[in-house]
1. Would you mind telling me which numbered condition in (1) in contact with a Lys or Arg (Cβ under 8 Å, 6 or more places away or on another chain); (2) in a helix (DSSP H, G or I); (3) farther than 20 Å from R150 by Cβ S14 fails?
2. Can you tell me which residues in segment 309-329 are open to solvent by less than 30 Å² (accessible area, probe 1.4 Å) and over 19 Å from S290 (Cα atoms)?
3. Which one of these does A306 not meet: (1) over 23 Å from H112 (Cβ atoms); (2) open to solvent by 50 Å² or more (accessible area, probe 1.4 Å)?
4. So which residues in segment 251-299 are part of a helix (DSSP H, G or I), open to solvent by 30 Å² or more (accessible area, probe 1.4 Å) and touching a residue at least 40 places away in the same chain (Cβ under 8 Å)?
5. In segment 76-124, which residues are modelled with pLDDT under 90, assigned to a helix (DSSP H, G or I) and of a type outside the set (F, W, Y)?
6. Just checking, does segment 77-90 include any residue being crowded, with 20+ Cβ neighbours inside 10 Å, in contact with a Phe, Trp or Tyr (Cβ under 6 Å, 6 or more places away or on another chain) and of a type outside the set (S, T, N, Q)?
7. Sort out which residues of segment 332-350 are surrounded by 14 or more Cβ atoms within 10 Å (Cβ to Cβ) and touching a residue at least 24 places away in the same chain (Cβ under 8 Å), and write them in order of number.
8. Could you run through segment 23-48 and say how many residues are assigned to a loop (DSSP other than H, G, I, E, B), open to solvent by 50 Å² or more (accessible area, probe 1.4 Å) and in contact (Cβ under 8 Å) with a residue 12 or more places away in the chain?
Amino acid sequence: MVGARRVVVKVGSSSLTTASGGLDADRVDALVDVLATAREQREIVLVSSGAIAAGLAPLGLAKRPRDLARQQAAASVGQGLLVARYTASFARYGIRVGQVLLTSDDVARRAHYRNAYRTLEQLLSMGALPVVNENDTVATDEIRFGDNDRLAALVAHLVHADLLVLLSDVDGLYDGDPRTPGASRIAEVAGPADLKGVSIGSAGKAGVGTGGMVTKVEAARIATGAGIPVVLTSAVHAADALAGRPTGTLFHRTGKRSADRLLWLAHASTPRGSLRLDAGAVSAVTERGSSLLPAGLIAVEGEFAAGDPVDLLDEYGRAVARGLVNFDARELPRLLGRSTRDLARELGPAYEREVVHRDDLVLLRP
């Protein structure tokens, strides 16, 4: 942790705003003070929630709305306020910030993934501090899916971070409700076995965010599985976390770095439909690392376009993989069970290609 060269820090809405909505300038400045100091020794990428929460008070909303249209309106107003506040606060230290708004659907696609990586790398190389958020003003599934904890884990993987710090309103993971007498903080988690029997709540205390301990543990699972250790603590202990002092809960890495874009495809994309495969195709995809060809298709479900993520199902309806499909849903029924050679002869050379290429495919289970 002390030797981490590049760190992704995620802060939640409850650490930046009041329960009634609106940014708390003192809280933002306190966080920026810590990040500016830490930045003297390492590169920092900030993943910040708070756009929707910041937009509540200016729009006269007493609490986070449930309907999508008003969530998007609040995000539109709040995102400008949020980045303006960060810009002013970091300017006290002569630090420039750059806003990066991402959607999981975009970054799961190859070209967009490369663009996001290049943008973040260029900002860092030019001495700017990236402030990342989901593009809540236009994204639909992202707002419903909602948590920036998972986004932070994926951004940490995207930028090849050495450490992910998740800042919350709770000072770590507890073996029960931290408000309950007798609950104890878990100092370290070496793997999934350490979480057996642990009761993990589902909501934050402030009521302005969408995450909770469940999303933070899931984010830690994603990051550590990709070789990135995670520290979970409260925002008031951010300085300790970034200085390598014991605080919160440390999640040890459990795996090695995997293919960049496929992590997004597995953990951030929303399938638009599904393709049912025969037993031979399931074996080819899951055991031999092959692309999915039309000959292995049994059925098509859903409405999707070429380039959309779809789940690949076995003959029992279980999702075994997810991939980016090369055909529209309406094109696939006439391709079922047929060889690419026959399709090219009958329909033209454009049909002599994979339904899902192996480079655009990730397994969901062994």
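1. Failed condition: (3).
2. Passing the criteria: only A329.
3. (1) is the only condition that A306 fails.
4. D260, L262, H267, T286, A295 - these are the residues of segment 251-299 that are part of a helix (DSSP H, G or I), open to solvent by 30 Å² or more (accessible area, probe 1.4 Å) and touching a residue at least 40 places away in the same chain (Cβ under 8 Å).
5. Within segment 76-124, S104, D105, D106, V107, A108, R110, A111, H112, R114, N115, A116 meet the criteria.
6. No - not one qualifying residue is present in segment 77-90.
7. L332, L335, L336, R338, T340, L343, listed by residue number.
8. Number satisfying all stated conditions: 1.
The values are calculated or read from the model by the stated rules, or taken from the named source; none is laboratory data. Every value quoted in this text rests on a predicted model; they were computed, and no experiment measured them. Counting neighbours? That spans all protein chains shown, and the Cβs are built from the backbone with ideal geometry, glycine included. Side chains are part of the model used for accessible areas, which takes the heavy atoms of the whole protein and leaves out ligands, DNA and RNA. Shrake-Rupley method; radii C 1.70, N 1.55, O 1.52, S 1.80 Å.
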